[in-house]
Amino acid sequence: MKLPKSYLHKLWRAVIEFEMLFTKDKVLVGLSGGKDSLFLLYALKEMQLHSPFPFQLAAATIDLGFGDPNANYLQNYCQRLEVPFFLKKTTISEVIKKTSFNNPCSKCAYFRRGALLTLCKSEGYNVLALAHHQDDAIETFLLSLLYSGQLKTFLPKTYLERSEVRVIRPLIYFTEDEVKGALKYAGVKAIKDPCPFSRSTQRTKVKALLKTLVKENPNVYTHLLSAMREGKKIELWPQTPDKEEMHRRYKTFLGNVDTFMGTL
Ligand code: SF4
């Protein structure tokens, strides 16, 4: 089913604003089987059909080892869209269970992205498309602030010099609700996430917190989104001085005290 104009507008706006795609790019989509990646693949396919320049499209599923990744279902979906499909089996779940049981997601995402980048390299794809949307970016912004004391989120586009791969996030102007609603156009259903951690992550806590805040103030997401943009007015504490600078400041302070005492 054809996507509504408003959706195509959001997709092309992201692609043009952040200079995500160029002629003859070979784009590999990370396809987990969740609603976001299923929709991203469909959206990119529709963009490819009407794009003013040619680019290639394929999809890859990383089997994390948590359970059945429904590879047949995903392969059939790709066949219907006439998109090549890759499946990469890994033992990421074993590593996660052993080393990061209490906070598995950041390491898991890191390893999964690593597996996708390796596939890009071995299969000759220069662009990796990930299905993060606007709400993901906002939640990551808050997660970084609350759990690691850093004011940052992922970027709509990043060039990874070591792998020579451009990572793009074309759904960056879609809210989660919009993606949910858009899946009907793709004519596909999201598959159940086999990961045992998927319901109790730091992200689910931040999502719940935002949900509560939105009840009181419906502009919470918009305000966080606006705070994420560079060029906004920032008033933060100055950087912590290093030892030498702190020593200098003590000396100046004590010098001032001596001068003051001398005047008494
Ligand atoms: S919820 Fe599971 S699959 Fe998703 S990032 Fe966390 S550990 Fe990995």
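Coordinate-derived values only; no laboratory data. The structure presented is a predicted model; accordingly, all values stated were derived computationally and were not measured. Neighbour counts run over all protein chains shown; Cβ positions are idealised from the backbone, glycine included.
Figures for the structure shown
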quantity	calculated
Number of the exception - M246 against (1) exposed (fewer than 10 other Cβ atoms within 10 Å of the Cβ); (2) over 24 Å from the mean Cα position of the chain (by Cα)	(1)
Residue in the range 120-130 that is under 30 Å from L224 (Cα atoms), touching a helix residue (DSSP H, G or I) at 6+ places or on another chain (Cβ under 7 Å) and not small (G, A, S) present	yes
Residue within the range 81-90 that is touching an Asp or Glu at 6+ places or on another chain (Cβ under 7 Å), within 13 Å of the ligand (Cβ to nearest atom), among the hydroxyl-bearing types (S, T, Y) and without any contact (Cβ under 8 Å) to a residue 60 or more places away in the chain present	yes
Verdict on F53 being outside any helix (DSSP H, G or I), of a type outside the set (S, T, N, Q), out of contact with any strand residue (DSSP E or B) (no Cβ under 7 Å at 6 or more places or on another chain) and more than 12 Å from the ligand (Cβ to nearest atom)	yes
Residues (more than 30 Å from K26 (Cα to Cα), within 16 Å of the ligand (Cβ to nearest atom) and not in a loop (DSSP other than H, G, I, E, B)) located in the range 166-212	Q202, R203, T204, K205, V206, K207, A208
Residues of the range 50-88 classified as of a type in the set (D, E, K, R), under 19 Å from E123 (Cα atoms) and surrounded by 13 or more Cβ atoms within 10 Å (Cβ to Cβ), total	2
Selected residue (criterion: nearest to the ligand (Cβ to nearest atom)) from residues of the range 56-77 that are within 27 Å of F197 (Cα to Cα), in contact (Cβ under 8 Å) with a residue 40 or more places away in the chain and not in a loop (DSSP other than H, G, I, E, B)	I62
The range 213-258, subset in a helix (DSSP H, G or I) and β-branched (V, I, T), residue farthest from I172 (Cα to Cα)	V257
Restricting the range 125-156 to residues that are more than 24 Å from H223 (Cβ to Cβ) and under 16 Å from the mean Cα position of the chain (by Cα), the residue that is surrounded by the most Cβ atoms within 10 Å (Cβ to Cβ)	A129
Segments classed as helices (runs of 4 or more DSSP H), wholly inside the range 91-149, with at least 2 members that are touching a Cys at 6+ places or on another chain (Cβ under 9 Å) and within 12 Å of the ligand (Cβ to nearest atom)	92-99, 104-123
